1. Could you name the lysines whose alpha carbon sits less than 19 Å from that of A:Lys347, not counting residues in the same chain fewer than 8 places away?
2. Which pairs break 27 Å Cα to Cα here: B:Lys3/B:Lys69; A:Lys395/B:Lys17; A:Lys395/A:Lys469; B:Lys42/B:Lys248?
3. Under the 0.36 nm per residue contour assumption, what length would be gained going from the current alpha-carbon distance of B:Lys117 and B:His143 to full extension?
4. Ignore the peptide's own chain and count Cβ atoms of other chains within 10 Å of each Cβ in A:424-433; give me the average, rounded.
5. Note down the nm distance, to one decimal, between modelled labels 7 Å out along Cα→Cβ at A:Ile330 and at A:Asn349.
6. How many nm separate the modelled label positions at A:Thr231 and A:Asp276, each set 7 Å beyond the Cα in the direction of the Cβ?
7. If I model a spin label as a point 7 Å beyond the Cα along the Cα-Cβ vector, how far apart are those points for A:Glu87 and A:Val357 in nm?
8. Which percent, to the nearest 5, of DSSP beta bridges fully inside region B:131-194 are antiparallel?
Amino acid sequence: MNSGGKIWIQVIAALHLLKTDPAGLRGAVFRVRAGPVRDSLAKAIRKLAGPVTRLHPNMSDEQLFGGIDVVATLQSGNLKTTKGLFERQGWFELTMAERCDLHTAARISQALDQRQVCPLIVFDEGIDDEKLPDSLKERLAFYFDMSELAYSDTDFPDIDPLSEKNQPIQTSQTAVPTLVLLANEFGISSARAPQLALAAAKANAMGNRRKELSAEDLEIAVELVYPSRATRIPQECTPEEPIPEQETQPQQNQNQDTSDQDGNDDIELPNELLVDAIRALLPDNFLESLNAASPRIGTSGVGFGSQMKSKTRGRPRPPRLGRINGQNRIDIVSTLRSAAPLQKIRKQNTHDARAVVIYPDDIHVKQYESRSERVVIFTVDASGSAALARLSEAKGAVELLLAQAYARRDFVALIAFRNVDAELLLPPTRSLVQTKRRLAELPGGGGTPMANGLRAAGELAIKSALQGKTPLIVVLTDGRANITLEGMPDRAMALEQSGSIGRWISGLGFKSVVLDVGNRANPALIKVARDMNSLYFPLPRADAQRISETIGAELDQ
Amino acid sequence: MTKNFPFSAIVGQEQMKMAMILTAIDPTIGGVLVFGDRGTGKSTAVRALAALLPKISVIAQCPVNSEFKHDVPSWAGIDEIETIMQETPVVDLPLGVSEDRVTGALDIERALTKGEKAFQPGLLARANRGYLYIDEVNLLEDHIVDLLLDVAQSGENLVEREGLSIRHAARFVLVGSGNPEEGELRPQLLDRFGLSVEVKSPNSIDDRVAVIERRDNFDQNPDGFIEEWLPEEIKIRHAIIAARTALKSVSSGTDILRDCANLCITLGADGLRGELTLLRAGRALAAFKGAQALERSHLKEIAPLALSHRLRRDPLDEAASGVRVERVLTDVLQ
């Protein structure tokens with residue numbers, strides 16, 4: 001069977017487990033975009049779940065948690081509240097989860113922690129680096145990337161339904177240590193992963209009407225829960241005494257013996273078979289993503305940046321008196337509040353049978369304040385020539401600027417270019433912790449693909465501008481460009497291309513600053529800076545203080 | 001109502017547990033901030049704290065949990081004064097909460113049905129004399145943060161809206177938790193927290209196995225598990241009550257005050273709040289340990305919690321702030 005078919009079988013197995021123990025497993029994430037595969041998936045879910053409550057990333061708190069039912073309140077004269085969607089029973093479904101900002105994710109996560117919305121099926125329809133917030137993904141037991149699946153893969157007869165959760169399952173002595181050790185082997189630090197795996201194993205045992213956990217349950221559980229969370233592949237050291245298939249008497253005794261001693265080596269390594277099972281399920285490009293300069297990109301938070309998408313509407317300000325003009329929204333609560341104290345008088349005057357008499361003067365409208373967020377895009381030359389000369393000093397300068405950006409609460413992004421390509425080390429974020437870490441990890445060496453670096457910076461600037469942020473590009477380089485856009489060594493061509501990319505950036509209207517980190521001012525770089533219509537500073541003459549002042553002034557304009 | 005995991009059954013995380021116990025001993029220390037990775041038991045610990053806290057005496061029906069008759073606000077309209085014992089309130093402040101719900105607002109039901117202008121107290125009123133817990137505190141909307149800062153500073157909630165003018169006491173211990181990778185906290189809010197703790201997943205396999213096993217036992221049989229840990233819980237509760245009485249008699253000499261000041265100056269901690277918190281937390285720790293006087297050993301233990309978040313942000317210093325505090329500690333206290 002091909003890999004797509006295998007994934008599909010796993011998906012169906014996971015859904016059955018969810019049905020058996022929704023509270024323990026919480027839910028599943030499916031990375032799949034609209035199409036026949038998703039239709040099949042939806043059909044499978046409907047078949048198991050019955051009616052599903054659908055959630056949407058832009059739902060208001062009122063919809064989620066319940067709030068005042070204005071119509072009913074006005075009719076009856078008593079306060080009526082609507083029930084929030086979270087209060088419903090049964091399965092929940094969150095669509096377009098990649099649009100979910102951290103705030104909504106945090107609220108759903110809290111509901112999950114209180115077992116309110118279990119099970120939750122999340123559809124992540126992101127393209128490229130769009131993805132749902134990690135805080136949500138972490139809480140749900142399963143994650144499946146189904147973007148590679150074909151419709152034919154989903155053509156698989158349904159497996160027998162598992163029986164419902166009924167009797168408690170006996171946890172065998174070795175089950176928990178095995179799960180924890182495995183998690184450790186694959187570099188999974190969160191305590192939730194083994195918990196969820198244990199719940200999955202139990203659900204499987206329950207579904208198959210067993211009273212005790214078997215090796216098979218554990219295998220299914222780790223196969224489903226661990227691969228998406230792994231951050232490393234265990235070393236190829238085979239355990240000396242692999243746990244036999246039947247985990248019975250001898251194992252237990254050993255464990256009791258060793259539990260008194262301190263040290264990790266005393267508990268045997270988990271079953272080799274399990275390690276292999278997980279390893280087989282890791283995505284093909286897993287090693288690549290680990291070897292990349294920024295292994296944490298996939299696992300760390302999305303940063304505060306994505307939250308700003310919703311800032312196009314701005315942060316709410318107190319509602320104010322206003323007219324309905326078809327564009328603004330009425331703030332019903334404030335309107336009622338303003339009308340409420342006058343109800344007695346108004347009713348005496350009008351003899352109106354209405355429960356509430358509202359005059360146009362009472363109408364309050366909602367207001368939002370939107371503010372353009374700034375994002376400083378640091379584009380750092382990490383090539384051999386720069387590294388030899390003064391990469392560490394450039395890092396120092398960036399850190400100084402970072403301190404300033406932090407104080408101004410700007411977003412910061414980090415792009416490095418070396419060898420033959422540029423790389424986005426850090427998408428726009430406010431997290432100083434991450435930025436510092438990435439910067440410290442920045443390796444040096446190789447050619448100087450300046451044009452590539454500038455292009456990456458320009459593209460990120462466009463993206464940021466689309467999100468309503470104001471970008472500023474800060475380039476740190478010695479200007480000795482020698483790699484063309486195509487990755488070929490050609491000094492003249494490389495400079496030429498850098499110049500034209502520079503003109504492109506200046507044509508887009510983005511501000512930029514070029515810091516020359518070379519030992520002497522580089523005329524070629526001055527030319528590129530002129531093409532970019534940017535400020536140029538040779539680092540030897542510009543002390544750190546002056547640089548930060550200048551950039552600060554540039555930001556303020 | 002979901003049951004809470006017992007506080008004493010939490011494996012490891014000694015610093016976090018200690019910080020929470022200290023605020024229970026002396027609420028004036030001013031709150032705990034718990035920062036750490038996902039799945040390290042931050043929320044579990046805070047929610048577990050509620051069961052641990054000794055009961056307080058309050059006037060029945062009082063919206064702000066007043067202890068004495070003269071503290072009951074007049075707008076509450078309470079005629080019969082009856083004192084009852086009640087659990088220390090631990091109020092959750094959810095993200096995306098509206099300003100109305102935090103400060104309180106006009107009671108719409110009464111306004112609509114009876115035409116009365118009455119005040120409906122908010123979360124701040126309910127949290128008075130107790131704890132206010134904010135999960136994912138670093139994601140809290142700015143305007144709510146402003147509001148909290150103001151109230152935390154004055155210990156009083158002042159509502160001026162819709163023709164209402166009302167004030168009531170709002171003294172609470174602020175407990176926040178969050179993941180620093182999802183966004184930083186505003187320095188002003190950071191400063192309001194007395195102690196800060198950084199939590200990590202336990203490193204040892206044994207600990208991690210214990211975490212999962214206990215959690216599993218709890219999930220299977222919450223009542224039995226809580227019962228099993230009850231003696232431990234009671235032990236801590238008694239220790240807290242004993243330390244509260246002992247707190248008054250803990251002496252702190254001039255030498256130790258000098259040490260506090262010296263530490264703060266060397267670290268360049270902003271403001272005098274650092275010294276005060278250090279002193280208070282140190283005394284609470286001394287009381288908890290049954291010591292007669294505040295000693296250097298106590299300072300050493302508590303300084304990283306009380307000071308690490310008050311240092312000036314220095315992006316050029318690679319060392320984590322906790323390490324910097326340790327460094328200065330060994331220098332100053334030798």
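Every number in this text was worked out from the coordinates using simple rules, so none of it is lab data. Keep in mind it's a predicted model, so treat the numbers as computed, not measured. All Cβ positions, glycine included, derive from the backbone under ideal geometry; neighbour counts span all protein chains shown.
1. B:Lys114, B:Lys117
2. B:Lys3/B:Lys69; A:Lys395/B:Lys17; B:Lys42/B:Lys248
3. Between B:Lys117 and B:His143, full extension yields 6.8 nm more.
4. Mean partner-chain Cβ count within 10 Å for A:424-433: 2.
5. 1.9
6. Taking the simple label geometry, A:Thr231 and A:Asp276 are separated by 2.8 nm.
7. Once both label points are built, they end up 3.3 nm from each other.
8. 55
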